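What follows is calculated from the coordinates using simple rules that are stated; it is not laboratory data. What you see is a predicted model, and the numbers here were worked out from it, not measured in a lab. Here the Cβ is made from the backbone with ideal geometry for all residues, glycine too, and neighbour counts use every protein chain on show.
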Amino acid sequence: MPSKQRIIKGLAEIALRVNDLDKMTRFYEEVIGLELLESFEKTVFFRIAEGVEGHMQVLALFDRSGTKGYTGIDSKKSTIDHIAFGISKLDYEPEKKRIEALGYEVRTAYHEWVKWRSLYVTDPEGNTVEMVCYDASL
């Protein structure tokens, strides 16, 4: 059987439905540190990183409350476990201290099997957000 050529080159977008667009926008801009690309009445786009062939990696927040038939967000039905953003090992400790100074609880983990060091914080709507770096010393 011939090997299938890999066509996926990276993650283009993460999109979340949100209940409080203003609060979530402030969190991802001020706490996580994403660059605000564009803000519309019911949608906000953040730049995560360079992407593939002109499509940068983005986080989109959508307020769907005005959509016909929308019943809100039910965490019991969501399949989202967490969102992870890659950071530099040099930024790991300063980011942990900065986020804690903003009043957020930061949880840490070491994933020895891949040599990853992670910070975890919860966004205003209960999503777990990970900031992860490679650490060869693990």
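Given the options GLY51, GLY69, GLY86, which has the most mean-square fluctuation in a GNM of the chain, springs set between C-alpha atoms less than 10 angstrom apart?
GLY69
Across segment 92-99, in residue order, what do the Karplus-derived ³J(HN,Hα) couplings come to in whole Hz, using 6.51 cos²θ - 1.76 cosθ + 1.60 with θ = phi - 60° and x for Gly and Pro?
Coupling constants for segment 92-99: 4, 5, x, 5, 4, 5, 5, 5 Hz.
How would you rank VAL44, VAL114, going from fewest to most other Cβ atoms within 10 Å of each one's own Cβ? Present the calculation step by step, with values, prior to reporting the outcome.
Values: VAL44 23, VAL114 9.
Ascending number of Cβ neighbours within 10 Å: VAL114, VAL44.
Residue by residue through segment 62-71, what is 3J(HN,Hα) from phi via Karplus (6.51 cos²θ - 1.76 cosθ + 1.60, θ = phi - 60°)? Round to whole Hz and write x for glycine and proline.
For segment 62-71, the Karplus-derived couplings read 10, 8, 9, 4, x, 6, 4, x, 5, 10 Hz, x marking Gly and Pro.
Please give the net charge around ASP63, taking every other residue with its beta carbon less than 10 angstrom from that of ASP63, where Lys and Arg add +1 and Asp and Glu add -1.
Values: positive: ARG17, LYS42, ARG64; negative: ASP20, ASP22, GLU41.
Neighbour charge sum, excluding ASP63 itself: 0.
Could you work out the local net charge near PHE45, counting Lys and Arg as +1, Asp and Glu as -1, over the other residues with Cβ closer than 14 Å to its Cβ? Spell out each step's value before the answer.
Numbers: positive: LYS42, ARG47; negative: GLU13, GLU29, GLU35, GLU38, GLU41, ASP63.
Net local charge, PHE45 excluded: -4.
Take the alpha carbon gyration tensor of segment 10-65, find the square roots of its eigenvalues, order them as a ≥ b ≥ c, and report rounded if a/c is under 1.5; if not, report prolate when a/b exceeds b/c, else oblate. Don't skip to the answer; put the middle values down first.
Values: a/c = 2.23, a/b = 1.58, b/c = 1.41.
Judged from the Cα gyration tensor, segment 10-65 comes out prolate (a/c at least 1.5, a/b above b/c).
With +1 on each Lys and Arg Cβ and -1 on each Asp and Glu Cβ, how big is the dipole of segment 1-100 about its Cα centre, in debye rounded to the nearest 20?
On the way: 16 positive and 17 negative charges, 103 e Å.
Dipole magnitude for segment 1-100 comes out near 500 debye.
Which ordering of MET56, MET131 is given by a fewest-first count of other beta-carbon atoms within 10 Å? Before the final figure, lay out the partial values.
Details: MET56 17, MET131 22.
Least crowded to most crowded, the residues run MET56, MET131.
Using alpha-carbon positions, what is the distance between the centroids of segment 80-99 and segment 1-60, in Å?
About 16 Å separates the Cα centre of segment 80-99 from the one of segment 1-60.
Give a quick list of chymotrypsin sites (Phe, Trp or Tyr not before Pro) in segment 47-92 that DSSP marks as loop, anything other than H, G, I, E or B, with at most 16 other Cβ atoms within 10 Å.
Values: sites: PHE62, TYR70, PHE85, TYR92; in loops: TYR70.
Sparse-neighbourhood loop chymotrypsin sites (Phe, Trp or Tyr not before Pro): TYR70.
Got a sec? Which residues in segment 71-85 would a label at ARG107 touch, if it sits 7 Å along Cα→Cβ and we count backbone N under 20 Å?
74-85
Suppose we keep just the DSSP beta bridges with both residues in the chain; what percent of those would be antiparallel, to 5?
Numbers: 23 of 33 bridges.
Expressed as a percentage, antiparallel bridges in the chain total about 70.
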